[in-house]
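Scroll down for the structure; my scribbles are underneath it.
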Amino acid sequence: MRRRHKGLSFYEKKKRINAHVLKEIFGMLFGTFAAVLLAAVLIYNVGMRTNVIGVSMEPSLHNGQEILINRFIYKLSPPQKDDVVVFLPGGNQNAHYYVKRIIAVPGQRVQIMNGMLYVDGVPEENEIYDKMEDAGIAENEIFLGNDEYFVLGDNRNSSEDSRSGNIGPINRDMIYGKAWFHMGGGEDGMGLVK
């Protein structure tokens, strides 16, 4: 004969996982994994990150500031005037990345006279930039050939750029991409590169 326990007794109810809940959990995990994977693939194939070295792009970009580079954009369209580009001078893999602004594109003529920049004989009308103390190789008029770009730093008197004989006009295949987003480090925090 079975003996009965007197008093309260608790029965443990077995918990069952509902198939619908399980499906939702796996769906969320898969969606998260897919989003992270897609972001990693896009960053790896399209983007690149580097730091600005020196003061040549002030006030736009500052020394040590991190920037993201869009490496894909120039596969769709050529670099344009006023784009801030990242390149290795002479394609030298041992050099650091240079960050400069395109001021003239293929087919244009560039010359610096009396501290003023002339593109196709027209003086640059921009109050932001100081008069250039050194014209470098642009003292004589330079005609840009196919796939050649003339770049200058925004801080024109503290920049090693296309005026320098060791850099000169840069070829399109030397350009790694367009600087399109900068991280903090300046007064304006994070934002698009202008």
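Just so you know, all these numbers are worked out from the coordinates, no wet-lab data involved. These figures come from a predicted structure and were not determined experimentally. Note that we place each Cβ from the backbone using ideal geometry, even for glycine, and neighbour counts take in every protein chain shown.
Figures for the structure shown
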{"read-out": "Whole-Hz ³J(HN,Hα) from phi, Karplus 6.51 cos²θ - 1.76 cosθ + 1.60, for segment 143-148, glycine and proline x", "value": "9, 7, x, 4, 6, 10"}
{"read-out": "Burial ranking of peptide ranges 100-113, 118-131, 165-178, 135-148 (average Cβ count within 10 Å, highest at the top)", "value": "100-113, 165-178, 135-148, 118-131"}
{"read-out": "Gyration tensor verdict on segment 26-142 (Cα atoms; rounded if a/c is under 1.5, prolate if a/b is larger than b/c, oblate otherwise)", "value": "prolate"}
{"read-out": "Shape of segment 46-87, Cα gyration tensor, a/c cut at 1.5", "value": "oblate"}
{"read-out": "Segment 90-183 shape via C-alpha gyration tensor axes, a/c threshold 1.5", "value": "prolate"}
{"read-out": "Additional length obtainable on full extension of the chain from ARG49 to GLU133, 0.36 nm per residue less Cα span", "value": "27.0 nm"}
